[in-house]
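To start, the structure itself, in structure tokens.
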2 protein chains.
Amino acid sequence: MLAEIITIGDEILIGQIVDTNSAWMGEQLNLAGIKVHQITSVSDNAEHIIKALDEAKSRVDLILITGGLGPTKDDITKHTLVKYFNTSLRFDEDVFQHVKNLFARFGREVTDINKKQAEVPETCTVIHNANGTAPGMWFEQDEKVFISMPGVPYEMKRMMLSEILPRLKQKFSLPAIVHRTILTQGVGESFLSEMIADWENSLAEKNIKLAYLPSPGMVRLRLSSSGKDEPILRKNIDEKITELEKIIPQYIYGYEKDKLEEIAGKLLKEKKQTLALAESCSGGLIAHLITSVPGSSAYFMGGVVSYSNESKTNQLGVKKETLEKHGAVSEETVTEMALGAKDKFNTNWAVATSGIAGPDGGSDEKPVGTVWIAIAGPNGIKTKKFQLGGNRERNIAVTAITALNMLRKELLKA
Amino acid sequence: MLAEIITIGDEILIGQIVDTNSAWMGEQLNLAGIKVHQITSVSDNAEHIIKALDEAKSRVDLILITGGLGPTKDDITKHTLVKYFNTSLRFDEDVFQHVKNLFARFGREVTDINKKQAEVPETCTVIHNANGTAPGMWFEQDEKVFISMPGVPYEMKRMMLSEILPRLKQKFSLPAIVHRTILTQGVGESFLSEMIADWENSLAEKNIKLAYLPSPGMVRLRLSSSGKDEPILRKNIDEKITELEKIIPQYIYGYEKDKLEEIAGKLLKEKKQTLALAESCSGGLIAHLITSVPGSSAYFMGGVVSYSNESKTNQLGVKKETLEKHGAVSEETVTEMALGAKDKFNTNWAVATSGIAGPDGGSDEKPVGTVWIAIAGPNGIKTKKFQLGGNRERNIAVTAITALNMLRKELLKA
């Protein structure tokens, strides 16, 4: 079962927006057992769209189209599809009622322009757009399926998940596919691949594929297997994950879409314990990640971003002698920072970071990328030194991720 | 002059990575006066690549290809191009020397696999890859130009800017194009378009096009004009910008790629003044933005993320009575937070935020999205209330952006 994604919009071609829809759709289709053969982006032009539809039809069985719907686009996609399928528009009362309801929710009257959203091609199946006014359209011709969706990501995603994918699964006998993702932190891709080489080689006999998905400070490992019997696929993958958990237990922090700030937050909530931060080189990023989680005010009391020696002393109680003797980037200072934050904010836990993010500030003894992290908890303090690279942005990100993972590990031990 | 971008890689089709290369290339080509007609993403498959090349050749004059180079891809693009152009590989000593130099920089020997990077098609012009080992390749056939570049964004971008675009400008007589971007903050797209409607209508007679580029809290306005005489284009656009500056002076904060955290930082540096932060609802994001600027430790002393009432009292000296009488989200509290931060960190300036980011914590009187911001400076304090929306992530981002712009304005007044 091959698919092609066609995205419509001049704004994609001139680089005004990045086409993130295609990647998301590609992933979802892949997860459902549909292979995406090609992605094509074309302009808001009827002739160009028709050519792309014809070419796609010659290549694949399923064509997914996004964009070019709505008043600002003069509904170019809808009018082009009417022409392509040699049909005409009819007025759909259900769609109109939905548009009216959406407008009523914002206390607005439906304008004539918006009323046009309820005009749909005669020969299509109308697909409900729960998050917007422009409906989706499902056409079938010569045993090929054409589906048009709005280009607004939030509307398209909802439509794919609740309407399109279930219908595709019903219509086509797609293979069962099982994916599982294991999240690792603290080990680079190449070192990781050496450590798990034997395990990786053993995957082939169970027909399991492995993908390495690296991002700053983390590597995600995705296992995929397809076949006829979903329970067996699931069992095979689960067994391999159990094996992997024994090989690299120290690096695995979660599964699927888990986030470290959510995992740490959940542990704190369960324990009814609280957290404070003392950030130097991470510059507020840990606080930003922690507070991006809804409900974080239940366990996060606050933090200090101490970018000067004075603030380390005044706000966190780091001793002047410690700073003079060992410097701001040292085990001694980061320890006092963590203990100071724990004390000042009266929490069970505190995380402290101190390092040289770069590009300036490095020395032979402490080059750019030198980072100390401390976790103060109910049972004492844990410190660790890291030697990161030369890129400021990356150093800040990796420090934050690494500190959150250290916190998670200490929370599990406590 | 029409172009097509072909990106090669299974990882794009399965949604493992978002194809950001195309958007960047589309923007650059557009800026250079080359129109991108289509973007096509295909798999790492010779037959598929050849079909895409043939189709592109029938549509456009210039075909830019990225991806599918290097050992992990078995150099699929290079081998396919050799086949497509009916040529063979030769060993290029210059490329080999460059590969050796790159490896030497990391203290490594060139392996046989990497030596293969120096094999290039006989009929192509080799394009230097300053940031990597896989060279670019420039082919010409039937008056069409085909250019293959590596898929690594950092390598491709450097190659486009220093090699490809200059050569394209030399080879083709491209129209002169002038773009200028004006950055606004604090006004929504629709309200802005009403305010500048007459001005916008006046652009047509000077052959200037306007694009609205919105992002949370900001709208960028891009003016573009193409023609033969660059100085005249530039003069026309400059005149229109001067007009616009008189219509919406209060909303314009910068031009082109300016960032608010950099502008504010520069002003502080010039004045030799310092900054502290007291963040509640922005949760550390302002600190993260400020410290993302290299050299920010010269003017940023630090901040407190105060996520609890206790920390507002203990760390910032907010009076208990103030919190009890007016609540944490109030003009009185945010004022005391700013003054407290300014005092505790001993700075010239302090920025404070307090609000309800959501999804919980709202009330009839103070719904989700209610935000107070205060700027304390050498000449007193400025406070302002904002009513943002219901989305936590967006509320945090808009609060940070808005606070930075308020700081910028106060810095300019002082």
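Data table
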{"quantity": "Residue, farthest from A:Trp24 (Cα to Cα), within the stretch B:16-37, restricted to residues that are surrounded by fewer than 22 Cβ atoms within 10 Å (Cβ to Cβ) and not hydrophobic (A, V, I, L, M, F, W, C)", "calculated": "B:Gly33"}
{"quantity": "Among the candidates B:Lys100, B:Lys116, B:Lys83, residue that is among the charged types (D, E, K, R) and within 25 Å of B:Ala56 (Cβ to Cβ)", "calculated": "B:Lys83"}
{"quantity": "The listed residue being touching a helix residue (DSSP H, G or I) at 6+ places or on another chain (Cβ under 8 Å), among the aromatic types (Phe, Trp, Tyr) and more than 14 Å from every other protein chain (Cβ to nearest Cβ), out of A:Tyr253, A:Tyr212", "calculated": "A:Tyr253"}
{"quantity": "Hits in the stretch A:238-261 - residues which are of a type in the set (Ser, Thr, Tyr) and either without any contact (Cβ under 8 Å) to a residue 40 or more places away in the chain or more than 22 Å from A:Asn207 (Cβ to Cβ) (or both)", "calculated": "A:Thr242, A:Tyr251, A:Tyr253"}
{"quantity": "Number of the exception - B:Ser282 against (1) in a loop (DSSP other than H, G, I, E, B); (2) more than 14 Å from chain A (Cβ to nearest Cβ)", "calculated": "(2)"}
{"quantity": "Test: A:Lys366 is part of a loop (DSSP other than H, G, I, E, B) and of a type in the set (Lys, Arg)", "calculated": "yes"}
{"quantity": "Condition check for B:Gly70: more than 19 Å from A:Gly26 (Cβ to Cβ) and out of contact with any Pro (no Cβ under 6 Å at 6 or more places or on another chain)", "calculated": "yes"}
{"quantity": "Residue, surrounded by the fewest Cβ atoms within 10 Å (Cβ to Cβ), within the stretch B:1-15, restricted to residues that are at the interface with chain A (Cβ under 9 Å from one of its Cβ atoms) and assigned to a loop (DSSP other than H, G, I, E, B)", "calculated": "B:Ile14"}
{"quantity": "A:Ala23 within 12 Å of chain B (Cβ to nearest Cβ), modelled with pLDDT of 95 or more, more than 18 Å from A:Phe146 (Cβ to Cβ) and within 25 Å of the chain's Cα centre (by Cα)", "calculated": "yes"}
{"quantity": "Tally of residues being more than 10 Å from chain A (Cβ to nearest Cβ) and touching a strand residue (DSSP E or B) at 6+ places or on another chain (Cβ under 9 Å) across the stretch B:52-65", "calculated": "9"}
{"quantity": "Contacts under 8 angstrom Cβ, first residue in the stretch B:39-51 being more than 7 Å from chain A (Cβ to nearest Cβ) and in a helix (DSSP H, G or I), partner surrounded by fewer than 24 Cβ atoms within 10 Å (Cβ to Cβ) and of a type in the set (D, E, K, R), 6 or more apart", "calculated": "B:Ala46/B:Lys83; B:Ile50/B:Lys83"}
{"quantity": "Single match in B:Glu140, B:Glu155 (criterion: outside any loop (DSSP other than H, G, I, E, B) and modelled with pLDDT of 95 or more)", "calculated": "B:Glu140"}
{"quantity": "Filtered residues of the stretch B:85-113 (kept if free of Cβ contacts under 8 Å to residues at least 40 places away in the same chain and closer than 26 Å to B:Val42 by Cβ)", "calculated": "B:Asn86, B:Thr87, B:Ser88, B:Leu89"}
{"quantity": "Which listed residue, of B:Ala341, B:Ala403, B:Ala350, is buried (at least 23 other Cβ atoms within 10 Å of the Cβ), at pLDDT 95 or above and not in a helix (DSSP H, G or I)", "calculated": "B:Ala350"}
{"quantity": "Selection from the stretch A:192-231 of residues that are polar (S, T, N, Q) and in contact (Cβ under 8 Å) with a residue 12 or more places away in the chain", "calculated": "A:Ser193, A:Ser202, A:Asn207, A:Ser224, A:Ser225, A:Ser226"}
{"quantity": "Unmet criterion (only one of (1) part of a helix (DSSP H, G or I); (2) buried (at least 23 other Cβ atoms within 10 Å of the Cβ)) for B:Leu412", "calculated": "(2)"}
{"quantity": "Residue among B:Gly361, B:Gly389, B:Gly302 that is facing chain A (nearest Cβ under 8 Å) and either surrounded by fewer than 19 Cβ atoms within 10 Å (Cβ to Cβ) or in a loop (DSSP other than H, G, I, E, B) (or both)", "calculated": "B:Gly361"}
{"quantity": "One residue from B:Lys171, B:Lys83, B:Lys100 being under 30 Å from the mean Cα position of the chain (by Cα) and more than 30 Å from B:Lys409 (Cα to Cα)", "calculated": "B:Lys171"}
{"quantity": "Odd one out for A:Asn379 among (1) crowded, with 19+ Cβ neighbours inside 10 Å; (2) more than 16 Å from A:Ala403 (Cα to Cα); (3) away from chain B (no Cβ under 14 Å)", "calculated": "(1)"}
{"quantity": "Given (1) more than 10 Å from chain A (Cβ to nearest Cβ); (2) buried (at least 24 other Cβ atoms within 10 Å of the Cβ); (3) assigned to a helix (DSSP H, G or I); (4) touching a helix residue (DSSP H, G or I) at 6+ places or on another chain (Cβ under 7 Å), number of the condition B:Val318 does not satisfy", "calculated": "(3)"}
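Residue-wise test of (1) loosely packed, with under 11 Cβ neighbours inside 10 Å; (2) in contact with a Gly (Cβ under 6 Å, 6 or more places away or on another chain); (3) among the aromatic types (Phe, Trp, Tyr); (4) closer than 20 Å to A:Met156 by Cβ.
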{"site": "A:Pro71", "(1), (2), (3), (4)": "no, no, no, yes"}
{"site": "A:Lys83", "(1), (2), (3), (4)": "no, no, no, no"}
{"site": "A:Leu89", "(1), (2), (3), (4)": "no, no, no, no"}
{"site": "A:Glu93", "(1), (2), (3), (4)": "yes, no, no, no"}
{"site": "A:Val120", "(1), (2), (3), (4)": "no, no, no, yes"}
{"site": "A:His128", "(1), (2), (3), (4)": "no, no, no, yes"}
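The values are calculated or read from the model by the stated rules, or taken from the named source; none is laboratory data. These numbers were taken from a predicted model, which means no experiment stands behind them. Cβ: placed from backbone, ideal geometry, glycine included. Neighbour counts: every protein chain shown.
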